[in-house]
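See below for the structure under consideration.
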Amino acid sequence: MSELVIPIDLGFVNAYLLRAKGGFVLVDTGLGGQLPRLEAGLEAAGCAKGSLKLIVLTHADRDHSGNAAALAAEFGAPLAIHEGDKSALELGIAPERHGRNALISLLMALRRKSRGAGAARGPHADILLADGASLSEYGLEARVLHLPGHTPGSIAILLGDGSLIAGDVFSNRRKPGLSPFIWCSEEYGASLERLKGLAASIAIVYPGHGSPFAGAAILGMRL
């Protein structure tokens with residue numbers, strides 16, 4: 001496990017607090033109802049108001065961005081996301097996706113029908129993170145990897161110690177694997193191949209759902 005990464009368990013989804021020089025960077029924020037649990041995790045880690053330098057969203061899905069507006073206002077921290085998910089975040093309109101098997105596709109269709117047409121708008125993004133962007137100005141040796149496939153603007157954060165904060169590019173509820181929900185299979189496949197090329201420099205993967213796993217597991221994954 002990395003000394004830089006503090007996992008915050010928010011039920012079925014994870015947030016990650018990253019130790020930076022002179023403060024912290026938070027990756028993802030959980031569902032809206034989990035704000036007290038997230039605040040408790042930040043407090044336990046010693047992250048007080050004024051010490052949170054940046055909030056990064058790996059993508060715009062509500063289980064990752066649900067507390068972003070409240071937390072940004074409370075801590076006075078800027079909110080960052082990739083341009084590909086900016087509209088989805090601010091307008092509350094998720095991209096159409098399919099499941100990686102027929103059962104998951106059916107469950108997604110039923111979920112969309114139950115939600116209806118209404119969508120809650122989300123917060124404004126202060127910073128747009130491009131592929132390769134450095135987080136050094138926030139005191140963190142890390143770079144952004146744009147890895148579209150789950151959503152158009154999905155990103156991961158690769159730290160200097162080999163930790164990959166992966167969002168929903170990967171999951172590990174039962175075993176390390178890919179996200180069950182895909183926006184574009186072609187894009188996802190290209191992102192996976194890119195990560196396989198980087199696997200030697202990835203020591204440990206911190207997924208949006210489930211437990212951390214060794215980076216070497218990426219090499220055996222297939223779409």
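Values in this text are rule-based calculations from the coordinates and carry no lab data. Just so it is clear, the structure is predicted and the values come from calculations on it, not from any experiment. Don't worry about glycine lacking a Cβ; one is built from the backbone with ideal geometry, like all the others, and counts go over all protein chains shown.
State, as an integer percentage, the relative contact order of the chain based on alpha-carbon contacts under 8 Å between residues 6 or more apart.
Reported relative contact order: 17 percent.
Could you give the nm distance between label points at residue 127 and residue 186, where each point is 7 Å from its Cα heading toward the beta carbon?
3.3
Give me the count of lysine pairs in the chain whose alpha carbons sit under 22 angstrom apart, restricted to pairs 8 or more positions apart or on different chains. Before the final figure, lay out the partial values.
Numbers: 21/49; 21/53; 53/86; 175/196.
For the chain, the number of qualifying lysine pairs is 4.
Quickly estimate the mean residue ellipticity at 222 nm for the chain, helices only: each DSSP H run with n ≥ 4 gives -39500 (n - 2.57), and the total goes over all residues, rounded to 500.
On the way: 6 runs with 56 residues, N = 223.
It comes out at -7000 deg cm²/dmol, rounded to the nearest 500.
Taking Cα extents along the principal axes in Å straight from the coordinates, which label in (i) 54, 41, 40; (ii) 50, 44, 39; (iii) 47, 43, 29 is the correct one?
(iii)
What distance in nm separates the simple spin-label points at residue 43 and residue 90, each placed 7 Å from Cα in the Cβ direction?
It works out to 3.4 nm between the two label points.
Let me know the charge dipole size of the stretch 5-220 about its Cα centre in debye, to the nearest 20, where only the beta-carbon of Lys, Arg (+1) and Asp, Glu (-1) is charged. The partial results should precede the final answer.
Numbers: 20 positive and 20 negative charges, 123 e Å.
Charge dipole of the stretch 5-220: 600 debye, to the nearest 20.
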